[in-house]
Amino acid sequence: MRQSILLRMLLFLSIYIGLRYFGGDVGRKILTPIILLVTYLHELGHAVGSWITGGAVEDITINSDGSGLTRTYGGSHAVILMGGYIGSAIFGNLLFLIGAKFKKLVNPMLLVLAISMVSIGLLLYSSMFTTGFLIAFGLFLLFVIWKTNWGREILMFLGLASILYIIQDFNIGPSSDLKKYAEIMKVLPVNIWMYIWLGIALLLFFYNLRYIFKTGDKIAQEKIIPDDEDFLDMDAIT
């Protein structure tokens, strides 16, 4: 199982790097839905930050250039701002983890993601493009669930691509969030907060990989090496 996960991860990594750095305009166009998904996860992180701190969300906007905006009121401004970058890192790692390790949860996770996208597109309407993209992506995920056996691969690729994009884009994507966050948390300058957020994202990915491959080794060992009780049962039978 460990080798299978590693091979898939290397394959998806190669596809992502190939498209982003060697695919030219075609590669960028192919990756556009992934970039917009990362934007959605980022804005969803802002929304969750608002909800868990007692605030409310007015609307969510996703633009065709990959930028986004979440308008909230109430709640903790600091948590809401951090929720964008850190929340998208958590969501990306969760998608990758479930795709890699929890086969039975793949379709439920895809269904939850699809429902969240369609629901937010309709209930938190801000623009035709935002709603159109979220519904289209949600329908694509439903197609994957009901008409294909690619659920694990799709979930792993979406999660891994999201994580890589977040890490690569750390000094550009969350710049406005970081500036506002530094104004609230004045103990450190914006550049320090930038690296703290990046460090959190890297640690999440590191421990995610560690858990995936460590539990894979344990499962393999349990299948190969019987425990003492198994030996006792065999002795009793013979």
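The values are calculated or read from the model by the stated rules, or taken from the named source; none is laboratory data. Note that the coordinates shown come from a computational prediction; the quantities given were computed from them, not determined experimentally. Here the Cβ positions follow ideal geometry from the backbone for every residue, glycine too, while neighbour counts run over all protein chains shown.
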Some residue of region 68-83 being touching a Gly at 6+ places or on another chain (Cβ under 9 Å) and closer than 15 Å to Leu113 by Cα: no
Residue ID - farthest from Phe205 (Cα to Cα), chosen from residues in region 132-160 that are modelled with pLDDT under 95 and of a type in the set (Phe, Trp, Tyr): Trp150
Any hit, region 32-43, residues being surrounded by fewer than 19 Cβ atoms within 10 Å (Cβ to Cβ), more than 13 Å from the chain's Cα centre (by Cα), of a type outside the set (Lys, Arg) and assigned to a helix (DSSP H, G or I): yes
Residues of region 48-105 satisfying the condition of being in a helix (DSSP H, G or I), at pLDDT 95 or above and of a type in the set (S, T, N, Q): Ser50, Asn93
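With respect to Ala47, determine if the residue is in contact with a Phe, Trp or Tyr (Cβ under 8 Å, 6 or more places away or on another chain) and of a type in the set (A, V, I, L, M). So that I can check it myself, show each step before the final result.
On the way: in contact with a Phe, Trp or Tyr (Cβ under 8 Å, 6 or more places away or on another chain): no; of a type in the set (A, V, I, L, M): yes.
Spelling it out, it is not the case that Ala47 is in contact with a Phe, Trp or Tyr (Cβ under 8 Å, 6 or more places away or on another chain) and of a type in the set (A, V, I, L, M).
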Subset of region 81-119 [β-branched (Val, Ile, Thr) and closer than 22 Å to Ile135 by Cα]: Val106, Val112, Ile115, Val118
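Step by step: first the residues of region 114-168, then only those that are aromatic (Phe, Trp, Tyr) and part of a helix (DSSP H, G or I), then the one that is farthest from Tyr40 (Cα to Cα). Which residue is that? Working first, answer last.
Step one: filter region 114-168 for residues aromatic (Phe, Trp, Tyr), giving 125, 129, 133, 137, 140, 143, 146, 150, 157, 165.
After this cut, where a residue has to be part of a helix (DSSP H, G or I) as well, the list is 129, 133, 137, 140, 143, 146, 157, 165.
Numbers: Phe129: 13, Phe133: 10, Phe137: 11, Phe140: 15, Phe143: 20, Trp146: 23, Phe157: 16, Tyr165: 13 Å.
The selected residue is Trp146.
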